[in-house]
Amino acid sequence: MPEDDRNIYKTCRELAGYTQEHAAELLGCSVRALARYEGGEAFPSDDLAIRMDALYTNRFLAYDHLCQTSQVAAALLPPVEACDYQTASLRFFNLLEEMEAVGRWLLRSAEDNRLDEQEQAEFETRILPVLKRVGGSATEVRLAAGRST
């Protein structure tokens, strides 16, 4: 999620304008522990990740933390890209036209309450990728709206 493959914890701290020392003090952890999280040597506890999220005012941190530390979350949650509210909103709006066609397809295919082999194949190759993008895009809007920047 962070640009240039940097660690999300470090990226968010720097974007929020905190030094490692000041952030560690406000978070109630040691500078060494924070350095380990930012260096990818360990993951902070969920409790500390929530405090980081609040301090850095960046909802993408909590989302990324969840995906990195939970196999269930990583398998179920859509991939997202950290972006600003305007970018997230425009991406979502641009998907609406594509989603209209998907909605019509879903209505037609649901009439008999089952997917035959051909419908299943189309669902997997054409419909599901759009649904995943829409889910990820909607999540980006929600996370970006939670940011203070």
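The values are calculated or read from the model by the stated rules, or taken from the named source; none is laboratory data. This is a predicted model, so every value here is computed, not measured. For neighbour counting, all protein chains shown are included, and Cβ atoms are generated from backbone atoms with ideal geometry for every residue, glycine included. When the accessible area is computed, the model is the full protein with side chains, heavy atoms only, and any ligands, DNA or RNA have been set aside. Shrake-Rupley method; radii C 1.70, N 1.55, O 1.52, S 1.80 Å.
Shown in residue order for region 33-39 are the 3J(HN,Hα) couplings computed by the Karplus curve 6.51 cos²θ - 1.76 cosθ + 1.60 at θ = phi - 60°: 5, 4, 4, 5, 5, 6, x Hz (x for Gly and Pro). Phi angles of region 7-12 translate, via the Karplus equation with coefficients 6.51, -1.76, 1.60 and θ = phi - 60°, into HN-Hα couplings of 5, 4, 5, 6, 4, 5 Hz per residue; Gly and Pro are given as x.
For region 1-126, the solvent-accessible area works out to 64 Å² per residue, with a probe of 1.4 Å and every protein chain left in place.
For trypsin sites (Lys or Arg not before Pro), the sites in region 43-142 that DSSP calls loop and that have at most 16 other Cβ atoms within 10 Å are Arg114.
Mean residue ellipticity, 222 nm, helices only, the chain: the sum of -39500 (n - 2.57) across DSSP H runs of n ≥ 4, divided by residue count and rounded to 500, is -21000 deg cm²/dmol. Accessible area ranking (1.4 Å probe, heavy atoms, ligands and nucleic acids excluded), largest first, for Thr87, Thr19, Thr11: Thr19, Thr87, Thr11.
Qualifying GluC sites (Glu not before Pro) in region 8-61, where qualification requires a DSSP coil assignment and no more than 13 other C-beta atoms within 10 Å, comprise Glu41.
Which whole-angstrom value gives the distance between the alpha carbon centres of region 99-149 and region 28-66? Each part reduced to its Cα centre gives a spacing of 32 Å.
Summary value for the chain: 28 percent relative contact order, contacts being C-alpha pairs under 8 angstrom separated by 6+ residues. Its Cα centre serving as origin, the chain has a Cβ charge dipole (Lys and Arg +1, Asp and Glu -1) of approximately 400 debye.
On region 1-132, 53 percent of the accessible area sits on carbon and sulfur atoms, based on a 1.4 Å probe.
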